[in-house]
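The values are calculated or read from the model by the stated rules, or taken from the named source; none is laboratory data. None of the values given here were measured: they were computed from a predicted structure. Every residue, glycine as well, gets a Cβ built from its backbone with ideal geometry; the counts of neighbours run over all protein chains shown. All accessible areas refer to the heavy atoms of the entire protein, side chains included, with ligands and DNA or RNA removed. Shrake-Rupley method; radii C 1.70, N 1.55, O 1.52, S 1.80 Å.
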Amino acid sequence: GAVAGAVQLEQLRSASDLGAPDVLSLQPGRVTGLIGHPGFGLTRLGLVMLASREKLGPVAYLDVRGWLSPPAAWESGLSPERLVVVRCNDPVRWGRVASHLLEGVGAVYAEVPARVKSAQLHKLVALARNRKTPLILRPVQGDLPSGLAHLRLEARQVLWEGTDQGHGRLTNRKLIFEASGKAMRGMTRLVEVEDDGTNALRLVSGLAVAPAGRATG
């Protein structure tokens with residue numbers, strides 16, 4: 001198992017180069033939105049972000065799809081005794097469950113089921129702000145309401161290394177996200193995250209910049 005607290009998000013450039021203070025760090029009371037289809041590494045990214053907070057207390061994963069594998073969470077750096085996994089796919093009960101988790105743990109990763117009302121999400125964000133609990137929201141379909149997330153990371157591309165000839169051994173994965181929101185100070189920027197299969201992700205750099213409200217990539 002991975003050693004608690006061993007996960008590190010290594011920045012290869014300074015915070016000023018990225019246009020925001022450590023774009024992958026969870027901030028007290030702030031909401032991070034992870035947007036994209038399955039297969040883009042969003043679950044792993046969220047688990048590593050959770051692991052960076054577990055030294056402050058237990059963290060929780062609200063599983064809507066029933067897909068979370070505990071060993072995958074441990075391989076991302078989360079300690080079994082620090083991770084609480086709750087499964088709930090009922091869009092009515094989901095808001096109450098998420099609220100209880102926000103009041104009892106140090107950080108929450110919540111998959112968001114389809115048909116959850118915008119009012120529920122806004123109440124949850126207000127509670128996270130009040131409790132100063134970092135919250136990651138990952139819609140299983142579609143997007144979050146505009147302006148809800150302090151930091152919005154939308155998956156744009158995933159690149160596998162080691163299989164460029166159609167065969168071979170996978171050695172590395174590059175995940176490219178479009179980062180936007182208040183955390184990016186009015187900018188929209190592409191950021192690249194390297195994943196070599198260990199319990200550490202490397203935030204490489206900002207790749208491109210565009211004015212707010214304009215898609216890049």
task: Mind listing whichever residues of segment 58-79 are over 17 Å from Leu201 (Cβ atoms) and of a type in the set (Val, Ile, Thr)?
output: Val64
- request: Mind checking which helices (runs of 4 or more DSSP H) fall wholly inside segment 42-161 and carry at least 1 residues that are closer than 18 Å to Asp195 by Cβ and of a type outside the set (A, V, I, L, M, F, W, C)?
  value: 42-51, 70-75
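Please find, among Ser52, Ser69, the residue that is modelled with pLDDT under 95, over 14 Å from the mean Cα position of the chain (by Cα) and of a type in the set (S, T, N, Q).
Unique residue meeting the criteria: Ser69.
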query: For segment 145-166, does any single residue satisfy the condition of being loosely packed, with under 14 Cβ neighbours inside 10 Å, out of contact with any Ser or Thr (no Cβ under 8 Å at 6 or more places or on another chain), modelled with pLDDT of 70 or more and closer than 30 Å to Arg96 by Cα?
result: yes
message: Consider segment 75-103. How many of its residues are without any contact (Cβ under 8 Å) to a residue 24 or more places away in the chain and open to solvent by less than 60 Å² (accessible area, probe 1.4 Å)?
response: 1
- prompt: Which is more than 26 Å from Ala73 (Cα to Cα), among the β-branched types (Val, Ile, Thr) and either surrounded by fewer than 18 Cβ atoms within 10 Å (Cβ to Cβ) or modelled with pLDDT of 90 or more (or both), of Val116, Val209, Val125?
  reply: Val209
